[in-house]
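The values are calculated or read from the model by the stated rules, or taken from the named source; none is laboratory data. Since we're looking at a predicted model, the values are computed, not measured. Don't worry about glycine lacking a Cβ; one is built from the backbone with ideal geometry, like all the others, and counts go over all protein chains shown. Accessible surface areas use protein heavy atoms only, side chains included; no ligands, DNA or RNA. Shrake-Rupley method; radii C 1.70, N 1.55, O 1.52, S 1.80 Å.
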Amino acid sequence: MKSRERFLAAVEGSEVDRPPIWLMRQAGRYLPDYQAVRKAHSFWELCESPALTTRVALEPLQLFALDAAIVFSDILVVPRALGLGVTFEAAGPSVKHLLRTEADLSAWDFSKVEQRLLYVSEAAADLRNTLQGSHGLLGFAGAPFTLFCYAVEGSSEAEFEVARTMLLTQPDLARRAMEKMSDVVLNLCRAQVKAGVDVIQLFDTWAGLLSETTYRHMALPALSYIVKQLQSDGTPVMLYARGGLHLLSALKDTGARGISLDWRTPWREARAQLPSQLLQGQLDPLTLLANEASVQRETKALLDDMRATSDYRHCIVNLGHGILPSTPISSVQAMVKTVVESGRGAYAKR
Ligand code: CP3
């Protein structure tokens, strides 16, 4: 099977010769050419140039036998387009106009927001045209709750205390903020689909901080709305929720075709709960910092789980979170090689 065919077969749930593989954050700081591009251009300059986004999105495909590409962009394009003022410092993202009051929400600028996000679908179209159908292609966006977390706190926090407190003290404001964001996210995803992506992945990176009850009550309505609209258009959606083992049933209830598991979620437990859902994951990104023997052993163990529980159907090999900047190229090569050599049943425990 060719890469895109294999990727689409997994997404559709049909038979595959082996599970397809791609890696979250596969284009990024662990790669030499990415670093060279970033020396010459700011992060937003990179995101706004289709020539550069295609160049960095292709680099991992040239180095590794991956089956899918992901549009080069960021989840924070949405708060940026709403006028919140998003910059990237050495420590990570920083948001200038934080969401704390009704007045802050009223200041969000929805006029011509689609136009301000055009660069994302231009990046998707350019990559699509360059790939010519050789690889699967994912578009993506942030889930409303995770975008809310950044809008309220402005940077990555361990607990997102202020944002989560607002769910209790100003639930109506929080809900409306997520609702407003969901329309922008939906249109951004539809624009990427129009530009030719095969699948949309929604990143709810901070979902795992919430209890199931709070998640269902506060975060799920806006997320489910996006999933339902996209899937009724015929676009398969995958959801990533970091630390989301306790949220599997809530995520399932969105009706999303796929769930991208984090590294702490036991594969067999997730598969038992979700027998015919597309499951993606979930090697610990830390594994790639260890030696090649460990990478090979852990990858084979994941393949064993996939083979034993669903004969590789409805499976995509990935990491349980984004690849770390200190990852050696040789580890990624070892992981991909192990998957490529697996073949149907090669590592099955009999
Ligand atoms: O290959 C790819 O997947 C690249 C596309 C991509 C980026 N960000 C590029 C990026 C994707 C899918 C994302 C998603 C993203 N962005 C998430 C969800 C996934 C996750 O990791 O949980 C989140 C939470 C963000 C927000 C964000 N963007 C943070 C917290 C940071 C800084 C810290 C970090 O991980 O680098 C970014 C910056 C960013 N986005 C970089 C890249 C390659 C690094 C920027 C640089 O060059 O300095």
Taking the range 9-31, which residues are away from the ligand (no atom under 14 Å from the Cβ), crowded, with 20+ Cβ neighbours inside 10 Å and under 17 Å from Val199 (Cβ atoms)?
Ala10, Val11, Val16, Pro19, Pro20
Complete set of residues in the range 36-73 that are open to solvent by 30 Å² or more (accessible area, probe 1.4 Å) and near the ligand (Cβ under 8 Å from one of its atoms)
Arg38
Taking the range 112-131 and keeping only residues that are under 20 Å from Gly83 (Cα atoms) and basic (Lys, Arg), one is left with Lys112, Arg116
Selection count where residues are touching a helix residue (DSSP H, G or I) at 6+ places or on another chain (Cβ under 7 Å) and over 16 Å from Asn187 (Cβ atoms), scope the range 75-91
4
I want to confirm something. Restricting to the range 75-96 and keeping residues that are aliphatic (A, V, I, L, M) and in a strand (DSSP E or B), which single residue is nearest to the ligand (Cβ to nearest atom)?
Val86
In this structure, does Cys189 turn out to be in a helix (DSSP H, G or I) and away from the ligand (no atom under 11 Å from the Cβ)?
yes
When the range 243-287 is examined, which residues are found to be open to solvent by less than 10 Å² (accessible area, probe 1.4 Å) and in a loop (DSSP other than H, G, I, E, B)?
Gly244, Thr254, Ala256, Leu261, Asp262, Thr265, Leu274
When Arg350 is evaluated against the numbered criteria (1) modelled with pLDDT of 95 or more; (2) open to solvent by 20 Å² or more (accessible area, probe 1.4 Å), which criterion, by number, is the only one it fails?
(1)
Keeping to the range 274-304, report how many residues are under 24 Å from Gly255 (Cα atoms) and of a type in the set (D, E, K, R).
0
Output the residues belonging to the range 288-321 that are open to solvent by 10 Å² or more (accessible area, probe 1.4 Å), closer than 30 Å to Ser14 by Cβ and in a loop (DSSP other than H, G, I, E, B).
Asp311, Arg313, His314, His321
